[in-house]
1. On the protein heavy atoms, probe 1.4 angstrom, tell me the percent of accessible surface of region 48-134 carried by carbon and sulfur.
2. Using the heavy atoms of the protein chains alone and a 1.4 angstrom probe, what is the accessible area of region 71-132 per residue in square angstrom?
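The values are calculated or read from the model by the stated rules, or taken from the named source; none is laboratory data. As the structure is a prediction and not an experimental result, all values here were calculated from the model. When the accessible area is computed, the model is the full protein with side chains, heavy atoms only, and any ligands, DNA or RNA have been set aside. Shrake-Rupley method; radii C 1.70, N 1.55, O 1.52, S 1.80 Å.
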Amino acid sequence: MMVGGRRRHEDEHGHGSGISIGGNNTAPLQNVVGHNISHVHQSAAAATTPVDLDTLRDLLTTFRTEVDRSAEDLRNTQVLQAMADSIDTSLTTPDAQAQSTLRGAVQALPALVAGTVVQQGGEALAHALAGWLG
């Protein structure tokens, strides 16, 4: 639309022509030149809060119980049980390899539990591990 011989800014950019990413966006987006961007998922790293070892062990115990109770409904029960065992062992061994194993669990656990009945417990455990590792 022309206003005083000039175009108004919103006419240059139609509705939906830009990218606004906020929150959890998983739908296909369109970039500013009109190309579709597919399979893009946004995530944000939350600030971690320091966690004590007792709290971490409690979360691990709860997670193990959830995995065992839901074994029939999980595709990757054995992987989750093995990861829980690995986390438990690494918590008692304060060496560089144990720290690396725990960091790997922080990264892998959310993806392994996504969309499962143990998602909440797995994500809580991963978040607590991240806080404990500081």
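1. 49 percent
2. Value for region 71-132: 55 Å² per residue.
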